[in-house]
Every structure is written in structure tokens, then in C-alpha cells.
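Peer 1: Take this structure, written in C-alpha cells, and hold onto it; I'll ask about it next.
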Amino acid sequence: MLELIKNTKIDFMGKKKIAFIFSGIISIIGIIAIIQIATGKANLGIDFAGGTSIQLKFEKPVVLHDVRKALEDGGLKDFDLQDLPSVNKILIRVKKTEQKLGQTSSEVTEILTQKFSGNKYIVDSTTEIGPKVGGKLRADAAMAIGVAVLGILIYVAFRFKFNFGVGATIATFHDVLAVLSVFYLMGHEINLILVTALLTIAGYSLTDTVVVFDRIRENMKVRHKEPLESIMNASINEVLSRTIITSLTVLLTSAALFFFGGEVIHDFALAMIMGVVIGTYSSIFIASPTVLLWGRKKAFARR
Amino acid sequence: MKKRIQWRFILIGATLMLAAVFFLPNTPFFKVMPDWWTKNMPDKGITLGLDLQGGIHLVFEVEGEKAVEITTERIAQSLRDIISKKKLNAEITSKGLLITVAPSSMEIRKAIEDNYPVLAPVETGTNIVYTISDKEAKRIKDNAADQALETIRNRIDQFGVAEPTIHRQGTNEIVVQLPGIKDPKRAIEIIGKTAQLEFKIVDDASPVAAEIPATAAPGEEDAVLKKFAEKIPADDEILFEKKVNRETGVVRKIPILVKKQAALTGDLLKEAKVNIDSSGSGFPHVSISFNDAGAKLFDEVTAANVKKRLAIVLDNTIYSAPEIKERIGGGNAQISGSFSLEEAKDLAIVLKAGALPAPVKMLQNITVGPSLGTDSIEAGKMAGIIGTLLVVVFMIVYYRLSGVIADFALALNIILLLGAMASLNATLTMPGIAGIILAIGMAVDSNVLMFERIRDELRVGKTPRVAVDSGYNKAFWTIFDSHVTTLITAAVLFQFGTGPIKGFAVTLSLGVAINLFTALVGTKTVFDLILSRRDVRKLSI
């Protein structure tokens, strides 16, 4: 039998203070990120903020600075550039303007065709989102997150007793906030694909929590004389290897997506990697201690 | 015991066959299948989303309010006729959504309201102001959206796009998806053009006409309009003719004073096609012919306005304003202007398909070039193969023979997932590919949970068969719970997500749901088979 982790006796519950402080900070950053998003100050993607994004693939390498200068000389304002030098790709994002949809993109292509006549390019993709659609997508995303969290909360409450439900929900919220806060701090774009990743993380991070909770519930039946804290510790230690291995397999596929999946899915894969790692951490260090804090042993159920 | 295992193998075999049948259209083998197969068996398979095959996704908003304005104006015009026919004395003006009648009297009100019960008074007094009732306005808007949908469909049909998707969304939005299109910009222009064709008499007789400057540079139009706003007669307006110098490419705008009321409109058109000028210039023009009613009207209009100029106006831009030399019978005319052959072709398309009942505004445009789609598919394949290999190898290294069984279940899972997607004719998007790859990582989770349980049971000294059975039973609810929570979020994503995200929700939820079957039935069957053969003392796990 090959075992990664054997008969550990780590005092996880004893580390709850450090864990709570760490997670508290990261969650607060996440909440700040949400406020910044809601007020439109965060780096919102075109799909949420409205605007134009154009990805071009040049025949020969281009210098980002030259593109910037060409566009500025051409009279384009309020734009961001990003490049993928290995494939000669340039991503141009223009924040929402008063212009009619379609005008900005033709302006950009006209300028670049003129200034880079010796280096042909093809338009890989164009995305133009009007302000109305952006607002709707933003509302939809907020709604989706709300409904998903509520759905999970109801299911967990139905399958477990209330305080376990609270523990699981807080751990789930924590995971979503943590990934969001990292993206926010890194200045990455907050867009639909990230929201998709966040929701997937919310659903998946519960797997580990459920594994831990199941074992606690089982152990509570046979070891009901022991204090809850030691039951929790023992349970987490018992399931530690499977918690880590289940995360590891998803981590392997997420990493494959990250390194080989191409630019479209890059940020999604990055969010998944972070989410899986944080989800494993929270199922060990956050979910159970929260249950413990919420209500002492009497509130625990045998189901 | 043995018999039950047999049945389960048959079940697994049957689902595999079914999946293969559904997925076959996506493989090269489908082409070499006999006729009876291609005719009677599923032939659609999985389709690629716009992000993978390239194409455009557009959302337009039909400006229904404008359609109501147009109707308001039309009603005002007809009220003027009614009033004058009845020899009543009232001035009727329309502005935006309002029709003002001055002065108002019982008799006038009766004449108006009997003829147009859809008009609701909003202001009464010496003058009366009407507007179209809310109910009628809603009907007009709804109608406009329907008509716009129909017109756009016609235009796209004539433009020639394979498998377009065009549908209404909400009250006033139209979604257009054109896969694999080569010239997205042109398509957008064809769809978005209102194409309201009007023939208006040029009012050269008015003294103001002489005062209007001969040309204006682009951008100066508003200044000209403002300058003359007060001076021009009430039933006239200034429109601009756009002239492009074919050698230098310089654009000039020529302001022309025309009658507001169109003498003839494009809804009386029968045919529009592109011709090349025979005069030797080689420039294209669009020949149009009217239907019988249109021809008659054209005949009358030209007869009544000989020596005057007739402006051909498309969406409030004058294409040309030739002089009517003589009465024109037969109902044929041509639109010339400074356009390229391609522009002329597109103009013919929009004229033939008819005008939009109201202008449309583009709300969203997502265009993906074919090369990005191909790159994405390649990258997705690569990530999928590497991800799967990593998981497969890990399971074998960690769980030995049991790992092989888990990998068998994983293969089963992937085949059934593709089969299920094909049976639903699902659309595969890039996030959808990511969903499949994630589902591969999650699929073995169930086996990990079971195997760890079985290990627990073996540790406390149970025999392999007992350990497997109780391990399965104990892990079942954990696996079930974790699958359900993932399904909840996938369902939410499906509900709220747009195109590509929906694709993700589909692959993830199908992958996770199928996993319940492959992990619980697939793996267990193999275990049972091994354990039923002989008395197994030691389990390779």
C-alpha cells in the first residue's frame, strides 16, 4: 500500500486561531474586492464593464510600445495593451466610450493597418459589449453567485445539521473570497470566466468539507464520550490523505489546463488551481473550527 | 452472484454501444458507414461553439420607440387628410410621440377619435394633444421586433450563411449567430442597416435653397443644419448627399433641401439588383423595379414633377438627386452613387429584403476568427491528453491494480460523456472543454474516496470482499453529497450563463452525473468480478 500520509496526529483544531486570522484577512480583502467591483473601481473585464476588446495576431513580432504609440497617434484614448510575445499576439482593450458599438474596433484596425503596413495581422477575436449588456451580465453574475450559495446552503442544511451547514457555507464563502482577493491583488481582470471558476470552486470545495464532516459525524456516534474537539482532530487526521489526494487529481488536470490549455482558459485554470488548494485548506482549518465555535457539542446531531 | 455481475457487464456494454452510436458522427468513421446507417442513425453529434469554429454572435436591440414615432407621424398625416376632407379647420402637427391638434372642438375630436381609437388624449384644452395608447404602443413595438427578426433573417438568407441562428430574446432584442463567417464587418453592416428607401422631391424653388452652401466637409453637417433650422419651410428638411472622390478618396457632403414627405418609399419595391454602368465608367449601380402599385405611383410622381430633381434617400442620406427629365413609366429606376461593387451588392440585398421597421442598435458583438478557434481546440486537446495521462498514471502508481480499475472507470466516463453530449446535440465550447478536463480530475475522486474507505476496512482486518462491500456502502453518501453540490453550481451556471459558459455547465454537470454511474456501477462490477472468481486473500489497492 503506497501511502502519502500515514497515521498523522496533527492538532488541527489547536491552530484555529492562526487559521482564523489568516482567513479573516484574506476574506476582508475579498469583500473589499467585491465592493470595488460593485462600484466599478476594480479591473472589470469588457463583459462586465462594457467596451471593446480586440485580439490581433501579427505575422512578425511586434513591440508593444510601437503599438501603443501608433494607437495614441491615431487618436485612440483610454486603452490597455497586453501581449503574448511567443505567438505575436496583442490584446487591445478599450474602455467604454460614447461611440456607437463597432466604431472603436474599426478605428483600431484602420490605424494599425496603416501604421503596420509591413507586418500583416489577422483579427483573432473582437468583443464589443454595450453598457446595457455589461450591466445585465453583472447583475446575472451577482444573481448566479447568490443563488448558488443559497442552493448549497440549503442542500448542506438538509443533509447535515444546521451548525454543520453554517461551517460548510462559511468555508465555501471563504474559498470564493480568497480566490477573488488574490485575483484582485494581482490586478487580474474580473470577468465572466472568473465568476464561472468561482462558482465551480464553490461547488467543488464542498467535496472535501463533506468528506471531513461525514467522518466527524460517524466518529461522534461511536466516540460520544470524547470532547468534540478531539473527535474533530482525529477525524481530520483520518481523512487527511483522501482529502489531499482528491484535491491532487483535480489539481493535476487544472495544471494541465493552465500550462497547455491556451490563453482563453488561462485565468480560469489559474483560479481553479488556487481554489482547489484553498478549498482543501479551508475544509481542514476553517470548516470544522467554525462548527465548533458556532455551537458546542449539545447542538450536534446524530443523523 | 455471478449472474448479477453478468447483467451489469451487459448494462455497461450497452451504454457504451449507445454512446458510440451517438458520438459516431463526430468521427471520420461516420462517412464510411453504409447508407442505411447514415440515414437512420443519429447524424448530428456534438457541434462546435462559435468560440471554437469561429463566427459572430450579435445582439441587437430593436428601437421600438422609433417604430411608434413613425406610426405617430403616419397617423398625423392621415388625420390631416381626414380633417381637410371633412372641411374642418384645425392644424395638426406631430412631434416625437405626440400629435397636437389646434384648435380643439367636439366635432374635431369626434372625427379624430372615431377614426383612430388607439389615440389617447394626454392634454385637453384649447388645443388637444394625443399620443398612441400604451397598449397599442406595446403592440407596435412587439410587431416591430417580429418584423425586424423576419427582415434580418431574409437578409442573412440572401447574404448566404450556412446554419445561422436568429432568434428573439426578451421583448426587443434579436440574437444573431453566424458560424464560420469570413467577413464579419460586412455581415454586421448588412444586418444593422435600417435600409429605409425614400424618394423625395428636391425643393429647389424655395428661396432658402439658393442660400444653402454647395458643399460641407464631413463633421460640418450639424452646423449647416443649425444655421438653417429656422429658415427652411415647415414641410422641408435638409439632407446630405455623400460624394466620394474616386481618385483621392476625399468625402464631401452636399446639403440639399428636400420635401419632408416622401413621394414614394421602398416598401413598394419588387426587385433590386446590381448592374455595371454601360456608359463605360465601369461603376456599379443598383437597379430597382417597383411592384404595380409602386410603378403607378412612380409614374404619377414623375409626371407631376418634370424638371424637378428627385432625391433618392436611404436612411436619411441622399445617394443621388437626378433631374426628372420626363415622366417615367414601367416602374424602373436606378440608384447610383459612389460605391464599390461589394457595397452595391449589399445595398441590393438590404433593399430586396426590405427595410427594418425601426432602427436597430448593436448591443453586443463577439467575433472569433477561425484561427483562434483552431488554436483553442488544439490547446484543449493537448491539455486534455496531458491532464488525463497525469491522473491515469497517478492512480496506477498509488492504487496499483485498483488504480487500473479506476482508470477503466475513467475511460468509461469519458466515452459516456461524449456520447451523452452527442445525444443531446450539445455545443462544445472552450470552457466546455475545460469542464470535461476538470470532470476527469473529479471523476477519479469518487474512486479515491472508495479506495480509502476500503483501505480503512482492510486495516481493521476485514477480508477483501467484505472490505469492498462495506467500503462502497460507507463512501456512497459522501460521494453523492459532493456530486450534488457540484451539480447545484453547474445548474446555476447553466441558468445564468451565456453561450460559452453554458457549454461549461453542460459538460461539467454531465461529467459529474455520469461519474456517479461509472464510479458506483463500473468500478464495483470489476471488483465483484475479481472477487467472485476465487478466494482473494489480498487486494491490490
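We did not get these values from a lab; they are worked out from the coordinates using the rules stated. From a predicted model like this one, the values you see are computed outputs, not experimental measurements. Cβ: placed from backbone, ideal geometry, glycine included. Neighbour counts: every protein chain shown.
Peer 1: From the backbone phi of the range B:44-49, what are the Karplus-calculated ³J(HN,Hα) couplings (6.51 cos²θ - 1.76 cosθ + 1.60, θ = phi - 60°) in whole Hz, Gly and Pro given as x?
Peer 2: With coefficients 6.51, -1.76 and 1.60, one gets 8, x, 8, 9, 8, x Hz.
Peer 1: Continuing with this model, one more query. Average partner chain C-beta neighbours within 10 Å, per residue of B:385-396?
Peer 2: 4
Peer 1: So, one more: Just subtract the alpha-carbon distance of A:Lys15 and A:Lys96 from 0.36 nm times their residue separation and send over the number in nm, one decimal.
Peer 2: Full extension of this stretch gives 24.4 nm more.
Peer 1: In nm, to one decimal, how far is the modelled label at A:Ala157 from the one at B:Thr317, with both set 7 Å along Cα→Cβ?
Peer 2: 5.9 nm
Peer 1: Just need the Rg to Rh number for the range B:193-367, please, alpha carbons only, Kirkwood Rh.
Peer 2: Taking Rg over the Kirkwood Rh, I get 0.97.
Peer 1: Within 10 Å, Cβ to Cβ, of A:Glu189, how many net charges do the neighbouring residues add up to if Lys/Arg are +1 and Asp/Glu are -1? It would help to have the intermediate numbers written out before the result.
Peer 2: Numbers: positive: A:Arg93; negative: A:Asp47, A:Asp80, A:Asp267.
Local charge sum for A:Glu189: -2.
Peer 1: Over 24 Å between C-alpha atoms is what I'm after, so list which of A:Lys9/A:Lys161; B:Lys135/B:Lys502; B:Lys66/B:Lys352 land there. Don't skip to the answer; put the middle values down first.
Peer 2: Values: A:Lys9/A:Lys161 27 Å; B:Lys135/B:Lys502 36 Å; B:Lys66/B:Lys352 22 Å.
Among A:Lys9/A:Lys161; B:Lys135/B:Lys502; B:Lys66/B:Lys352, the Cα-Cα distance tops 24 Å for A:Lys9/A:Lys161; B:Lys135/B:Lys502.
Peer 1: For a quick check: with amide H placed at 1.01 Å from N, whose amide H comes under 5 Å from A:Asp83's, ignoring anything fewer than 5 positions away on the same chain?
Peer 2: Correct list: A:Leu91.
Peer 1: I would also like to ask the following. Over the range B:65-137, what relative contact order in percent results from Cα pairs under 8 Å that are six or more residues apart? Intermediate values should be presented prior to the final figure.
Peer 2: On the way: 94 pairs, mean separation 20.3, N = 73.
The normalised contact order for the range B:65-137 reaches 28 percent.
Peer 1: Tell me, what ³J(HN,Hα) does each residue in the range B:428-439 have, in order and in whole Hz, if you take phi through Karplus 6.51 cos²θ - 1.76 cosθ + 1.60 with θ = phi - 60° and put x for Gly and Pro?
Peer 2: Here the 3J(HN,Hα) series is 8, 10, 4, x, x, 4, 4, x, 4, 5, 4, 4 Hz.
Peer 1: Same structure again: In straight Cα distance, which lysines are under 21 Å from A:Lys15, not counting same-chain residues fewer than 8 positions off?
Peer 2: Once the sequence-local lysines are set aside, what remains near A:Lys15 is A:Lys6, A:Lys297.
Peer 1: Mind checking the full-extension length gain between B:Leu529 and B:Lys307? Use 0.36 nm per residue of separation minus the Cα-Cα distance, one decimal, nm.
Peer 2: Values: separation 222, 0.36 × 222 = 79.92 nm, distance 9.82 nm.
Computed gain between B:Leu529 and B:Lys307 is 70.1 nm.
Peer 1: Please compare each pair in B:Lys141/B:Lys270; A:Lys69/A:Lys89; A:Lys69/A:Lys120 to a cut-off of 21 Å on the Cα-Cα distance and tell me which ones are over it. If you can, show how the numbers build up before the last one.
Peer 2: Numbers: B:Lys141/B:Lys270 26 Å; A:Lys69/A:Lys89 17 Å; A:Lys69/A:Lys120 18 Å.
In this structure, B:Lys141/B:Lys270 exceed 21 Å between Cα atoms.
Peer 1: What are the ³J(HN,Hα) couplings of the range B:355-364, residue after residue, when phi is run through the Karplus curve with 6.51, -1.76, 1.60 and θ = phi - 60°? Round to Hz, x for glycine and proline.
Peer 2: With the stated coefficients, the range B:355-364 comes to 7, 6, x, 7, x, 10, 10, 6, 9, 7 Hz.
Peer 1: Over the Cα atoms of the protein assembly as shown, what is the Rg over Rh ratio if Rh follows Kirkwood?
Peer 2: Details: Rg = 34.5 Å, Rh = 31.7 Å.
Checking Rg against Rh, the ratio lands at 1.09.
Peer 1: How crowded by other chains is B:495-504, given as the mean number of beta carbons from other chains within 10 Å of each beta carbon? Display every interim value, and only then the final one.
Peer 2: On the way: counts 5, 14, 8, 6, 0, 4, 8, 0, 0, 7.
Going residue by residue through B:495-504 and averaging, the value is 5.
Peer 1: Using 1/(1 + (r/R0)^6) with R0 = 35 angstrom and r between the beta carbons of B:Glu247 and B:Lys182, what's the FRET efficiency to the nearest 0.05?
Peer 2: The formula returns an efficiency of 0.75 here.
Peer 1: Another question, if that's okay. Sum -39500 (n - 2.57) across every DSSP H segment of at least 4 residues in chain A, then divide by the residue count to get the 222 nm mean residue ellipticity, nearest 500. Intermediate values should be presented prior to the final figure.
Peer 2: Working: 10 runs with 196 residues, N = 303.
Helix contribution divided over all residues of chain A: -22000 deg cm²/dmol.
Peer 1: Multiplying the sequence separation of B:Asp35 and B:Leu424 by 0.36 nm and subtracting their Cα-Cα distance, what value in nm do you get? Each step should come with its number before you reach the end.
Peer 2: Working: separation 389, 0.36 × 389 = 140.04 nm, distance 2.29 nm.
In short, 137.7 nm is gained.
Peer 1: Here is a follow-up. For chain A, restrict the atom set to alpha-carbon positions and state the Rg and Dmax in Å.
Peer 2: 23.8, 81
Peer 1: If you don't mind, another one. Between B:Ile82 and A:Lys132, how many nm apart are label points set 7 Å from Cα along the C-beta direction?
Peer 2: 3.2 nm
Peer 1: Could you work out the longest stretch of chain B that avoids the GluC sites (Glu not before Pro) located in DSSP loops with at most 11 other Cβ atoms within 10 Å? List each step's numbers first, then the result.
Peer 2: Numbers: sites that count: B:Glu230, B:Glu247, B:Glu326.
Result, exposed sites excluded: B:1-229.
Peer 1: Any idea what the relative contact order of chain B is, in percent, if you count C-alpha pairs under 8 Å spaced at least 6 apart?
Peer 2: Numbers: 900 pairs, mean separation 101.2, N = 541.
The normalised contact order for chain B reaches 19 percent.
Peer 1: Amide H to amide H under 5 Å from B:Arg309: which residues, 5+ apart in sequence or cross-chain, H placed 1.01 Å off N in plane?
Peer 2: B:Val202, B:Asp204, B:Ile324
Peer 1: With Cβ to Cβ distances under 14 Å as the rule, what net charge do the other residues near B:Leu24 carry (K, R +1; D, E -1)? Show your work: numbers first, answer last.
Peer 2: Details: positive: B:Lys31, B:Lys39, B:Lys44; negative: B:Asp43.
With Lys, Arg at +1 and Asp, Glu at -1, the neighbours total +2.
Peer 1: Also, I was wondering about something else. Starting from the alpha-carbon convex hull of chain B, give the projected area averaged over all orientations, in nm². Show your work: numbers first, answer last.
Peer 2: Numbers: hull surface 151.4 nm².
The orientation-averaged projected area of the Cα hull of chain B comes to 37.8 nm².
Peer 1: Neighbouring Cβ atoms within 10 Å as the yardstick, rank B:Arg246, B:Arg400 fewest first. Each step should come with its number before you reach the end.
Peer 2: Numbers: B:Arg246 11, B:Arg400 15.
Ascending Cβ contact count within 10 Å gives the list B:Arg246, B:Arg400.
Peer 1: Can you pull the mean other chain C-beta count within 10 Å for peptide B:358-371?
Peer 2: Details: counts 0, 0, 0, 4, 6, 10, 12, 10, 8, 8, 7, 8, 2, 5.
Average neighbour count from other chains, rounded to a whole number: 6.
Peer 1: Could you tell me the relative contact order of chain A? Use alpha-carbon pairs under 8 Å, at least six residues apart, and round to a whole percent. It would help to have the intermediate numbers written out before the result.
Peer 2: On the way: 405 pairs, mean separation 77.1, N = 303.
It rounds to 25 percent for chain A.
Peer 1: Then there's this: So what is the 222 nm mean residue ellipticity for chain B from helices alone, if each DSSP H run of at least 4 adds -39500 (n - 2.57) and you divide by all residues, rounding to the nearest 500 deg cm²/dmol? Write down the numbers at each step before the final one.
Peer 2: Numbers: 17 runs with 288 residues, N = 541.
So the calculated ellipticity at 222 nm is -18000 deg cm²/dmol.
Peer 1: Next up: With the Cα gyration tensor of the range B:236-335 giving a ≥ b ≥ c as the square roots of its eigenvalues, does the rule (a/c under 1.5 for rounded; else a/b larger than b/c for prolate; else oblate) give rounded, prolate or oblate?
Peer 2: On the way: a/c = 1.84, a/b = 1.25, b/c = 1.47.
Since a/c reaches 1.5 but b/c is at least a/b, the shape of the range B:236-335 is classed as oblate.
Peer 1: Which value in nm describes the separation of the simple spin-label points at B:Glu91 and B:Asn154, placed 7 Å from the Cα toward the beta carbon?
Peer 2: Taking the two extended label points, one gets 3.9 nm.
Peer 1: Quick one: which residues, 5 or more positions from B:Ile318 or on another chain, have an amide H under 5 Å from its amide H? H modelled 1.01 Å from N in the peptide plane, none for Pro or chain starts.
Peer 2: Excluding prolines and chain starts, which carry no amide H, the hits are B:Phe240, B:Glu241, B:Lys242.
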